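The values are calculated or read from the model by the stated rules, or taken from the named source; none is laboratory data. Owing to the predicted nature of the structure, the values given are computational and were not obtained by experimental measurement. Note: ideal-geometry Cβ built from the backbone for every residue, glycine included; neighbour counts use all protein chains shown. What goes into the accessible areas is simple: the full protein's heavy atoms, side chains included, and nothing from ligands, DNA or RNA. Shrake-Rupley method; radii C 1.70, N 1.55, O 1.52, S 1.80 Å.
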Amino acid sequence: MVDVTADRLTAEQRALLALWTVPGLGPRTLAQLRAFSRGGLARLAEAPVRDWVSEAPLPPPVRRRLAEATTLEPLAAHALERCVRAGMGVAFQGERAYPARLAEAPDAPPLLFFMGHVGPPRRRVAMVGSRHPDQGFLPFARTFARQVAEGGVGVVSGAAAGVDRACHWGAMDAGGETWAFLGSALDALDPAQAKLWPHVLARGGVFFSELPPGVRASTTTFPRRNRLIAGASDAILVLRAGVGSGSLYTAEAGRASGRPVLALPGDVMNEGAAGCNALIRDGHARACLGVEEVWRTVGVDPQRAVPPGEGSWEDLSGEARGAYEVLKRVPRSFDEVLADSRLSPAALTSALVELELSGFIVQHPGRLFERV
């Protein structure tokens, strides 16, 4: 768990956290506020709210809510106190606990609340589907997710009843990593989620939410949550979905983020599979006919992937961490990495071997290296 005490956060992060707790204030408004402050959000925290709120580029409802505060500091302190009480961490963009792929997505939140331990980098697939699939499908979904995880791929879903939850359990069956993005704050779980989360955390998984403490789920938070599931993943697989399934929002968000979308085809007479079949028919998804298709889509060779539950950033040498920081998610040659790493050729060779054996990178023919 990440320390969320006052000493850990910078003044900018405290101001950001305070503003993020104001209902209706999202990433775009925050960007406008940064431009308005001419020097960072911390400058707004240094002055009474009344001195700047009337001129700030804010929607009227947000302006009214902010005007109720004297300064931003009490908002940040209250949020931090609730995080500590609930056992949540706070991850800001750019920190290791914040999913790097999500930071690349449109409208990514500037911070996330989380519970659990964010493990080493790996390829991940969003596995989503209906809350009420046809009879007998859930055991299949769980087995399929287990097979995906056995290949070293992380499983991302939404902890909802039905297919989502079966996929989390499948990943855990393999001893693999699973992430759950919720449509509520982490201290406002519904009873079914409350039963699931201790199992996820005990097996090294993570619960994430962009919603500050105390916010309950609503009809608007779930579609918003789906973009996080897609953004944190390298590909999206819709296992079962009718024409009105919420999992189709995840597929749409994946396409908007440039992620490959797969769908499991179903019997044309099965209304519960109509959404998947329509995605394939309309060219919005590729048909997934087996677990090998998932591995191939996210670029994982199970023979070389880091086994589930293995690989630790904390155990890496300083040279390996430095080399990892200059690698990208596209192949780079040894000479390119050498030029940026400030390591000797011998030290870089050792660092790259360490990273590959730990499952943090893959080596392609021609001495090309790429982050997983």
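A few remarks follow.
- Gain in span if fully extended, Arg28 to Ala47, counting 0.36 nm per residue against the direct Cα distance: 4.6 nm
- Under Stokes-Einstein, with the Kirkwood radius over Cα pairs as Rh, the value for segment 220-299 at 20 °C and 1.002 mPa s is 172 µm²/s.
- Taking the DSSP beta bridges with both ends in the chain, the antiparallel portion is around 40 percent.
- Restricting segment 1-102 to GluC sites (Glu not before Pro) in coil, as DSSP defines it, with at most 11 other Cβ within 10 Å: Glu55, Glu68
- Estimated from the Cβ-Cβ distance and a Förster radius of 56 angstrom, the FRET efficiency linking Arg131 and Lys328 is about 0.90.
- Value in Å of the Kirkwood radius, where segment 182-236 supplies the Cα pairs that are averaged: 11.9
- With the convex hull of its Cα atoms as the shape, the chain has an orientation-averaged projected area of 19.5 nm².
- Projecting the Cα atoms of Leu138, Val125, Met115 onto the dipole axis of segment 79-147, where Lys and Arg carry +1 and Asp and Glu carry -1 at the beta carbon, places Leu138 farthest toward the positive end.
- Taking the chain and dividing mean pair separation by its residue count, relative contact order in percent (alpha carbons under 8 Å, at least six apart): 14
- Reciprocal mean inverse distance between Cα atoms of segment 48-125 - Kirkwood radius, Å: 15.2
- Sparse packing (at most 15 other Cβ atoms within 10 Å of the Cβ) combined with a DSSP loop state is found for the following trypsin sites (Lys or Arg not before Pro) in segment 100-187: Arg131.
- For segment 157-233: relative contact order, % (alpha-carbon pairs under 8 angstrom, 6 or more apart): 35
- Convex hull projection area averaged over all views, segment 1-86, Cα basis, nm²: 5.6
- Pairwise Cα inverse-distance average, inverted: Kirkwood Rh of segment 123-227 (Å): 13.6
- Gap separating the Cα centres of segment 219-261 and segment 327-364, nearest whole Å: 33
- Spin-label model distance (nm) - Arg96 vs Ala11, 7 Å beyond Cα toward Cβ: 2.8
- Across segment 1-145, the fraction of Cα-Cα pairs farther apart than 21 Å, rounded to a whole number, is 53%.
- Annotation for segment 196-305: trypsin sites (Lys or Arg not before Pro) lying in DSSP loop with at most 14 further Cβ atoms inside 10 Å of their Cβ are Arg216, Arg304.
- At the residue level, Arg34 shows approximately 90 square angstrom of accessible surface with a 1.4 angstrom probe and all protein chains present.
- Listed residues Val22, Val330, Val125, most fluctuating in the chain (Gaussian network, C-alpha, under 10 Å): Val330
- In angstrom, the C-alpha Rg and Dmax of segment 169-289 are 15.3, 44.
- Part-to-part distance (alpha-carbon centres) for segment 36-59 and segment 176-210, which is given in Å: 35
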